[in-house]
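Inspection log for the structure reproduced underneath, given as structure tokens.
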Amino acid sequence: MLKATIGCEVHAELKTNTKLFCGCINEFGGAPNTHCCPVCSGFPGVLPVLNRRAVEYTVRAGLALGCEINGFSKWDRKNYFYPDLPKAWQTSQYDLPLCVGGYVEFPFDGQTKRVRLNRIHLEEDAGKLVHDGGVSLVDYNRCGVPLIEIVTEPDMHSAEEVVAFLTALKSILKYTGVSDVKMQEGSLRCDVNLSVAEDGAPLGTRTETKNLNSFRSVARAIAFETRRQIDVIESGGTVEQETRRFDDNKGVGYAMRSKEDAHDYRYFPEPDLPPVTFTDAQLDGIRAEIPTLPAARVKTYTEKYGLPAYDAEVLTADKDVADLFERVVENGIEPKKASNFIMSETLRLAKSSGSDDVELKVNAEQLYAILKMSADGELNNLAAKSLLAEVWGSDADPRETARRLNLVQSNDAGAIKQIFDGVIAANPKQTADFLAGNDKLRGYFVGQVMRAAGGKANPKIINDLLDKLKG
Ligand code: ZN
Ligand code: MN
């Protein structure tokens, strides 16, 4: 049976303050060509100055991913001509990258899957071409932004496996704090190398589909390219080694150019930059900057907070979400209550843009206030949810907002008892059934009282009244 074998090259932009070889600001957006200087615009005669922080970030990512760090690494020029690259070479690393080896482990198909990494090197990003109304424009704001390239071994065999790998990698990179990993803004992009061969036979000829910037796009491109290569082989043809692009709108891939080999880039050592060296003490310093990674946090959440493993995995998948959870729990919210609310309503809002990026638009103080009001019986579940949606994306004070929107629920036992008595009197048949043991009617009565109270009666008080009625 023909089987696909897949490896990835993942590019992640580092969130340093400035670019890799000049002092220009490293920031997404901005008017075109406003974050540029003679160095990153490729003027003749200028000299690069290495951003030390970018090197440290690369090493930090490498250590978090189990790589070996090369105590001596160097820079090379990768030569090619394209309008988004004003120097006509990319300063990259060829034979001595900063990090080698390493791996990513993640749960897949009921087992722990390990994808081996080949290397991680540091290089500069290129500019961006904007095609608009028949003309192509170039924006060099991104040119020279530090970029790490993470190259895997061909250890994967399906789209699902690749998406699971990317999810795990994205999570770890976000934890290390070296990259925003926002696929929507292009700070995380993936190239897919894929070949097809009979199971157990040597690998077939591979193609590379470049610059996929969503998980969905990665999965569709893999499905398309696997099918295409199988069709070529089954109809007696041969797969050509080539670089391809995937058109997300049309759902089809097409060949861009016949794939170049490394020698086509005429790599040679960069004469303008000295090699990078590390002492063990420097490496220890960088190692100390790695925060607690998801796997260790899962352990804390199940052991210290008593959460189910499922909750722990959902909460720790994204660092911002895990940090938020820990902050509200440290302030005294019961862990399972906090977990339920974050996993349902908070994550629903954070993922509502439809992208692969979690965007939390509530801070720990706001969430704590909502959960505290809920714990104190001032908000019922529904009101807590609408209050979160109301303060989402603003710095509004939840207490004030709840009062303004009249969401605070009544704990006035006397007033609720009065409404309750009215409901019981109006429903003699249901009351008799309930007293005869039909406990399903409990929900009916809570609903009736709640409706009469305008949705703001504390359901706990209503339930207590029902218990008392039963005697
Ligand atoms: Zn610059
Ligand atoms: Mn690259």
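Some notes on this structure:
- Stokes-Einstein diffusion coefficient of the range 168-326, Kirkwood radius over Cα pairs, 20 °C, 1.002 mPa s, in µm²/s: 108 µm²/s
- Evaluated over the range 318-396, the Cα radius of gyration and Dmax, each in Å: 11.6, 35
- The residues of the range 334-453 expose, per residue, 52 Å² of accessible area to a 1.4 Å probe.
- Its alpha carbons considered, the range 7-63 gives a radius of gyration followed by a Dmax of 13.2, 39 Å.
- Stretch gain in nm, segment LYS3-LEU435, where the contour uses 0.36 nm per residue and the Cα spacing is subtracted: 149.0 nm
- Look at the alpha carbon pairs under 8 Å that are at least 6 residues apart: their mean separation over the length of the chain gives a relative contact order of 14 percent.
- Label-zone membership for the range 182-216, site THR238, 7 angstrom Cα→C-beta point, backbone N under 17 Å: 195-198, 202-207
- Per-selection metrics, the range 155-261 (Cα): Rg and Dmax in Å: 14.8, 49
- For LYS460, the lysines whose Cα comes closer than 26 Å to its Cα, not counting residues fewer than 8 places off in the same chain, are LYS336, LYS337, LYS372, LYS385, LYS417, LYS429, LYS440, LYS468, LYS470.
- Proximal aspartates and glutamates relative to LYS304, as straight alpha-carbon distance under 19 Å, when same-chain residues fewer than 8 apart are discounted: GLU313, ASP323, GLU326, GLU330, GLU334
- Cα-Cα separations in the range 108-156 greater than 14 Å, expressed as whole percent: 68 percent
- Taking label positions 7 Å along the Cα-Cβ direction at both ASN249 and ASP412, the computed distance is 5.9 nm, reported to one decimal.
- Nearest-ten-degree value, helix 441-452 long axis tilted from longest Cα axis of the chain: 90 degrees
- The chain: angle of helix 294-303 to the longest principal axis, Cα-based, in degrees nearest 10: 20 degrees
- With protein chains left intact and a 1.4 Å probe, residues in the range 178-257 average 49 Å² of accessible area per residue.
- Compared with the dominant Cα axis of the chain, that is its longest principal axis, helix 413-426 is turned about 70°.
- Directionally averaged projected area (convex hull, Cα atoms, the range 1-137), nm²: 12.6 nm²
- Computed in the context of the full set of protein chains, the accessible area of the chain at 1.4 Å probe radius has 52% of its extent on carbon or sulfur.
- Value of relative contact order over the range 314-369, rounded to a whole percent, pairs C-alpha under 8 Å and six or more apart: 38 percent
- Added length on full extension, which subtracts the Cα-Cα distance from 0.36 nm per residue, LYS361 to ILE25: 118.4 nm
- Semi-axes of the equivalent ellipsoid for the range 51-202, Cα gyration tensor, largest first, Å: 28, 21, 16
- CD proxy at 222 nm, helix term only [per DSSP H run n ≥ 4: -39500 (n - 2.57); per residue of the chain; nearest 500]: -11500 deg cm²/dmol
- Three semi-axes of the equivalent ellipsoid, the chain, Cα gyration tensor, whole Å, largest first: 54, 27, 22
- The range 1-123 - accessible surface per residue (Å², probe 1.4 Å): 45 Å²
- The range 21-84 versus the range 148-205: alpha-carbon centroid distance in Å: 22 Å
- Centroid-to-centroid, using Cα positions, the range 245-301 and the range 400-431 are 60 Å apart.
- Partner lysines for LYS113 [C-alpha distance under 23 Å; skip if fewer than 8 residues away on the same chain]: LYS3, LYS170, LYS174, LYS299, LYS319
- Cysteines without a disulfide-compatible partner [the chain; Cβ-Cβ under 4.7 Å]: CYS8, CYS22, CYS24, CYS36, CYS37, CYS40, CYS143, CYS190
- Additional length obtainable on full extension of the chain from ARG451 to GLU160, 0.36 nm per residue less Cα span: 100.1 nm
- Contact order relative to length of the range 303-400, as percent, for alpha carbon pairs under 8 angstrom and 6 or more apart: 24 percent
The values are calculated or read from the model by the stated rules, or taken from the named source; none is laboratory data. From a predicted model like this one, the values you see are computed outputs, not experimental measurements. Counting neighbours? That spans all protein chains shown, and the Cβs are built from the backbone with ideal geometry, glycine included. Ligands, DNA and RNA are stripped out before the accessible areas are found, and what is left, the full protein with its side chains, is counted by its heavy atoms. Shrake-Rupley method; radii C 1.70, N 1.55, O 1.52, S 1.80 Å.
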